[in-house]
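A short worksheet on the structure shown next.
Readers should treat all values here as calculations from the given coordinates under stated rules, not as data from a laboratory. Just so you know, these numbers come straight off a predicted model, no measurement behind them. As a convention, Cβ positions derive from the backbone with ideal geometry for all residues, glycine included, and neighbour counts pool all protein chains shown.
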Amino acid sequence: MALLHPSSSILALLAQASLESIPDTWLKQMAVFILVAITVASFATAALFSGLQYFLDRRSASRHERKNSLPDKRLVTDEMCLQRHIENRTRLEKAEEDIRALRAEMHSEDRAIRQDLAEKFSSIQRLLGRIEEKIDSK
């Protein structure tokens, strides 16, 4: 008995599978999952690059401050800490607001995508029905 390569058995299984054997709900769920995954990945990438740019800007600003500071000057004051705390709080509040807006947009787009997919699948089913009628009438 000859041993089959593992990929050849997978190819044999895929050759036997047909698109009609896959449930419609699974296709819809996979389409929505892929769209959501792409959206999340792009937001994560944007956040990563934004954070990286922020730290690079901070590093260059701190180098500039160290270069121009006097040796007897205090590097950090209470006022600076308070100011940065306020800036960070404002930035976090804005980020949370942006997240809420993006979630609302994502949910509305999700509903629209689901509706669009439902209409397209319905159209495909009607077309398949017409094709079957033409085949049966011959």
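Brief remarks on what is shown
- Positive-end residue, the range 17-138 charge dipole about Cα centroid, Cβ charges, pick of ALA31, MET80, PHE43: MET80
- Here the range 108-138 is scanned for amide nitrogen atoms under 15 Å from the site 7 Å beyond the Cα of ALA31 along Cα-to-Cβ, giving 109-128.
- For ASP110, neighbours were defined as the other residues whose beta-carbon sits under 14 Å from its Cβ, and their charges (Lys and Arg +1, Asp and Glu -1) total +1.
- Using the Cβ-Cβ distance between LEU52 and GLU105 with R0 set to 22 Å, the FRET efficiency works out to roughly 0.35.
- Between CYS81 and GLU65, full extension at 0.36 nm per residue minus the direct alpha carbon distance yields a gain of 4.2 nm.
- Couplings 3J(HN,Hα) for the range 79-93, derived from phi with the Karplus relation 6.51 cos²θ - 1.76 cosθ + 1.60 (θ = phi - 60°), are 5, 5, 4, 5, 4, 5, 4, 5, 4, 5, 4, 4, 5, 5, 4 Hz, where x marks Gly and Pro.
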